[in-house]
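Beneath this line is the structure, given in structure tokens, with notes to follow.
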2 protein chains.
Amino acid sequence: MLVAFDWGTSSLRAWLLDATGAIRDEASAPLGILKVPGGDFDAVFRQVAGAWIESGATAAIASGMIGSRQGWAEAPYAGCPADEAALVAGLITVPTSLPVPLRIVPGVSRIDADGIPDVMRGEETQIIGDAPSTGRRLYVLPGTHSKWALAEDGRITWFASSMTGETFAVLAEHSILGRLMDGRAHDPAAFRRGLGVGATSGGGLLRRLFSARTLGLFGELDSKAIGAYLSGLLIGAEVADARATVAAATGAAPDSVTIVGGAELSARYAEAIDAAGLSSRIAPADTTVKGLWRIAKQAELV
Amino acid sequence: MLVAFDWGTSSLRAWLLDATGAIRDEASAPLGILKVPGGDFDAVFRQVAGAWIESGATAAIASGMIGSRQGWAEAPYAGCPADEAALVAGLITVPTSLPVPLRIVPGVSRIDADGIPDVMRGEETQIIGDAPSTGRRLYVLPGTHSKWALAEDGRITWFASSMTGETFAVLAEHSILGRLMDGRAHDPAAFRRGLGVGATSGGGLLRRLFSARTLGLFGELDSKAIGAYLSGLLIGAEVADARATVAAATGAAPDSVTIVGGAELSARYAEAIDAAGLSSRIAPADTTVKGLWRIAKQAELV
């Protein structure tokens, strides 16, 4: 049996998988890498996986920020394009105080045509968990730092990050736009209006951000709707840019996007993608554990 | 004699002008509209202008956020295009406890082709203080919410805001980029690199923001240089967008920009404007008081 960890910045999830990859047990804890008391990752590992290893698990694997410089041990990035074999080759082995060491999946890095690097860590495992072995699929993994990625024949061939979620958060919490907002409830009409403005903002995002203030000032946007408008504006800009960037990178505009994320944010992105004239597909919720299983199989850990 | 106020959000400046518009005395105080104890604007007016009025000033005029909804009294926006006469027509008169009332200059509003409103309040006076009575001049007033504006034959015919300064501030203070920054010292090379990335970011600003993280991660940007890089990135994006937007609004690309602002920020914008292939001119420091004088003259207050 295999212990599989999705070990992020603020929380972790873990699963016990049997010899067929089926989930036998699972756990979660608010013990992301920045919340582990004294940085004692081994204690958390024992706490979460100890009983499973006692009852017969013979291997353990983790993906996510646990493999970053701030995590348990740094798993250097695999270069893009990256397939399962590259992720297996980049696995690092961390000794634990139990009889089973922990393997950590590397992140993936990419250097853009203009020399600017980009990175993902954790998302590579989610993509590998969903990507078909033949054909092309475009992904978005929305969040603090959204990732857009292209999988071709089971390999991650391109990706780009967008600081959409974090930009929304700092503007909503700390800027004048936040002070004008009355709550963060979803407002479908305001969100759609934001999507439209964001999608056509081109290089003028800093200019268009100001519209979240002026539309309120001119009574066109209720204070309860400013949050949804700003969210739409940023996501609309992100989707439009991703569409153009993917088209430039591949020579062909995408027609469909697979969304990997939580239910609420996935629904918002589905609407944004639809508004951009593309179709969307919401990935199953278990892409991470599937990816960990695939990598562990390929590494012959199970 | 005239008392002239530049009364903003966080501070105020005031001047005593003689019958020729020459400065006879001046004052400043950290008593912007959000810092006036108990909202007692009249007390601040007496404190700053009382002695000047006793010694013979017969009129008082103010521009800036003092005329906003949160200020002493709201001076409704004049529509764009707006010239001196329109600002005079929009002056409001606020009674004070001294024998001299306070006139407040209106802000200016503009509705974009796609229906989105924009506003300025205070900057219109600075522009009027510098704009020649014939010919065209493009302005930038950099800051929390930068303004770009076109003056033609002494009229403000177009303008647009950009939330550059505030976006920088919230990212530098509250995002992961800020946590990676070691101070905010200027770094000319990092600033120039940021300018280049920002100028070519097009619709991908949210994507390019992430480069301030990854360039640090890959050892290409020292933590002391990340702040300057991010500043360059945002200003570079602002200048590129303004250039394109002005060209679209007027049918002709601008070749020169007049910068109205503090010395340090003006120098940064001059560099950004130069990097964009345009020439720049730094306006004299007294554009506000000149503008207030012009409007007061036209209103026959002096």
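The values are calculated or read from the model by the stated rules, or taken from the named source; none is laboratory data. Since this is a predicted model, take the numbers as computed values, not measurements. A quick note on method: Cβ atoms are made from the backbone with ideal geometry, for glycine too, and the neighbour counts reach across all protein chains shown. Surface accessibility is based on the protein's heavy atoms, side chains included, excluding ligands, DNA and RNA. Shrake-Rupley method; radii C 1.70, N 1.55, O 1.52, S 1.80 Å.
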Checklist line | Unmet criterion (only one of (1) more than 8 Å from chain B (Cβ to nearest Cβ); (2) surrounded by 15 or more Cβ atoms within 10 Å (Cβ to Cβ); (3) touching a His at 6+ places or on another chain (Cβ under 9 Å)) for A:Glu264 | finding: (2)
Note to self: Checking the condition at negative phi and in contact with a strand residue (DSSP E or B) (Cβ under 6 Å, 6 or more places away or on another chain), which residue from A:Ala57, A:Ala19, A:Ala51 passes?
What the structure shows: A:Ala57
Checklist line | Only listed residue being charged (D, E, K, R), under 30 Å from B:Gln70 (Cβ atoms) and part of a helix (DSSP H, G or I), chosen from A:Arg193, A:Arg184 | finding: A:Arg193
Check: Among (1) among the aliphatic types (A, V, I, L, M); (2) open to solvent by 30 Å² or more (accessible area, probe 1.4 Å); (3) touching a residue at least 40 places away in the same chain (Cβ under 8 Å), where does B:Leu138 come up short?
Finding: (2)
Next item on the list: For segment A:220-259, name all the residues that are away from chain B (no Cβ under 12 Å), over 24 Å from A:Gly135 (Cβ atoms) and among the hydrophobic types (A, V, I, L, M, F, W, C).
Entry: A:Ala225, A:Ile226, A:Ala228
Next item on the list: Tell me which residues, restricted to segment A:182-196, are open to solvent by 20 Å² or more (accessible area, probe 1.4 Å) and within 14 Å of another protein chain (Cβ to nearest Cβ).
Entry: A:Arg193, A:Gly196
Next item on the list: Report yes if A:Ala89 is at pLDDT 95 or above, within 30 Å of A:Gly56 (Cα to Cα) and surrounded by fewer than 18 Cβ atoms within 10 Å (Cβ to Cβ), otherwise no.
Entry: yes
Note to self: Which residue is nearest to B:Thr164 (Cα to Cα), if the candidates are limited to segment A:154-181 and must be assigned to a loop (DSSP other than H, G, I, E, B) and touching a residue at least 40 places away in the same chain (Cβ under 8 Å)?
What the structure shows: A:Met181
Item checked: Single match in B:His174, B:His145 (criterion: more than 15 Å from the chain's Cα centre (by Cα), facing chain A (nearest Cβ under 10 Å) and at pLDDT 95 or above) -> B:His174
Note to self: Restricting to segment B:171-181, and then to whatever is out of contact with any Gly (no Cβ under 8 Å at 6 or more places or on another chain) and open to solvent by 20 Å² or more (accessible area, probe 1.4 Å), can you tell me which residue is nearest to B:Ser231 (Cα to Cα)?
What the structure shows: B:Glu173
Next item on the list: Select from segment B:7-35 the residues that are touching a residue at least 60 places away in the same chain (Cβ under 8 Å) and open to solvent by 40 Å² or more (accessible area, probe 1.4 Å) and write down the one among them that is nearest to B:Ser68 (Cα to Cα).
Entry: B:Arg13
